[in-house]
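None of the figures in this text is laboratory data; all of them are computed from the coordinates on show. Predicted model only: the values in this text are computed from it and were never measured. All Cβ positions, even for glycine, are placed from backbone atoms using ideal geometry, and neighbour counts span all protein chains on display.
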Amino acid sequence: MELLRTWILGVTAASMVLAAAQALMPEGPVKRVGRLTAGLILTLALLQPLVSLSGEDLTNLVPDLPTVTGKEEEGSAMQAIIEQELAAYIVDKGRALGADCAASVTCVPDENGVPIPRRAVVTGLLTGEQREALSAAIARDLGIPADAQSFREG
């Protein structure tokens with residue numbers, strides 16, 4: 001935090017000195033060269049901490065960043081998204097059949113890590129016909145067999 005404070009104070013001080021120097025410069029080519037020089041000096045003041053930072057300083061500036069372990073977390077995030085999308089698909093299918101329901105889908109990664117839908121739970125008040133039609137659609141469209149589907153009232 002001290003490093004950030006020092007940097008801000010340095011940039012502010014450099015800006016104030018350069019603004020005062022520009023105000024005192026006479027018009028014409030001298031002022032144009034002065035503006036260019038002031039811009040370069042201010043750029044150096046802004047970039048100076050990058051040159052002097054060590055790895056430990058960077059760690060202190062940005063503490064507790066989440067670490068990404070790679071394919072594991074990517075796979076679990078992808079699996080969660082797929083489960084949500086498939087559940088939304090079931091709810092939409094139920095709505096198309098005139099049923100008001102909620103759904104959840106459980107996926108299991110195959111040997112390549114690709115999430116495959118294995119189980120579906122549908123909650124809501126469905127008639128026998130709606131239940132049969134929805135069950136058939138889940139089996140046909142998502143590949144979840146009827147014995148891996150469960151329907152609950154609620």
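Take the Cα of Thr106, step 7 Å toward its Cβ, do the same at Ala88, and the gap between the two points is 2.3 nm. Taking Cβ atoms as reference points and 15 Å as the exclusive limit, the residues near Ala88 contribute a net charge of -3, counting Lys and Arg as +1 and Asp and Glu as -1. Convex hull of alpha carbon positions in segment 71-152: directionally averaged projected area 5.1 nm².
Rounded to whole numbers, the Karplus 3J(HN,Hα) couplings from phi for segment 120-128 are 9, 10, 10, 10, x, 8, 10, 6, x Hz, using 6.51 cos²θ - 1.76 cosθ + 1.60 with θ = phi - 60°, and x at Gly and Pro.
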